[in-house]
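To start, the structure under review is shown below, and the notes come after it.
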Amino acid sequence: MSTAIQESPAKLRVTEIFYSLQGESRTVGLPTVFVRLTGCPLRCGYCDTEYAFHGGELQGIDGIIEQVARYHTRYVTVTGGEPLAQKPCLDLLRKLCDIGYDVSLETSGALDIKEVDRRVVIVMDLKTPGSGEQAKNRYDNLEHLKPSDQIKFVMCDENDYAWAKTMVVEHELARCCEILFSPSYQQLDATRLADWILADQLPVRMQVQLHKYLWGAVPGH
């Protein structure tokens, strides 16, 4: 895989770059390089990356890509925090795609996604009531999602499940792209969520955070 790129002066504030198994989404279980950008305008109650709200290190896009290239995998996930809070994130995503990586973006759904390179797989949250940030959802983002993208609901309780089910049905989200239902780790029992999905015959993918079952809530996994 070639890493030849044009020089770019743009810099991003980066919390960490690490190599692990993808814990969520369609590529779960695949070795992946994660680029975690710093900063987020949301404060979800179940957030497990509060350490990425502040600090970080300013790095050029070329330097970030050099670090990604140290690992022998085709999969790269840009995450946060909220990666789209830093505008140069769009350039990073584009350059990673130009090189030939399979790139995914994990975003809260609170910021505009329409300028994200169409080659990027967007994994976009719709924040449930239990997150405490439901009001920040940008529903116009749904218009910009591609069939290859994914919408993720993280659920804290049965009320969140009922809300998510209503959203799936009323907005016909399964016609848009793949839907992910995920229990908030150590907050909602995964078996209960699975039972609800089966009882209602919903067209969604049930997922758990594989990395947390392997390593617990440990940064860098």
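Number of residues in segment 162-221 that are among the charged types (D, E, K, R), modelled with pLDDT of 95 or more and buried (at least 16 other Cβ atoms within 10 Å of the Cβ) equals 3.
Yes/no per residue for (1) assigned to a loop (DSSP other than H, G, I, E, B); (2) modelled with pLDDT under 95; (3) crowded, with 22+ Cβ neighbours inside 10 Å:
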{"site": "Val35", "(1), (2), (3)": "no, no, yes"}
{"site": "Leu58", "(1), (2), (3)": "no, no, no"}
{"site": "Thr73", "(1), (2), (3)": "yes, no, no"}
{"site": "Thr77", "(1), (2), (3)": "no, no, yes"}
{"site": "Asp91", "(1), (2), (3)": "no, no, no"}
{"site": "Leu96", "(1), (2), (3)": "no, no, yes"}
{"site": "Glu115", "(1), (2), (3)": "yes, no, no"}
{"site": "Gly130", "(1), (2), (3)": "no, no, yes"}
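Scanning segment 149-182 for residues that are part of a loop (DSSP other than H, G, I, E, B), of a type in the set (D, E, K, R) and within 17 Å of Ile113 (Cα to Cα) yields a single hit, Asp149.
The values are calculated or read from the model by the stated rules, or taken from the named source; none is laboratory data. In this text the structure is predicted, and so the values were computed from the model without any measurement. Backbone-built Cβ (ideal geometry, glycine too); neighbour counts: all protein chains shown.
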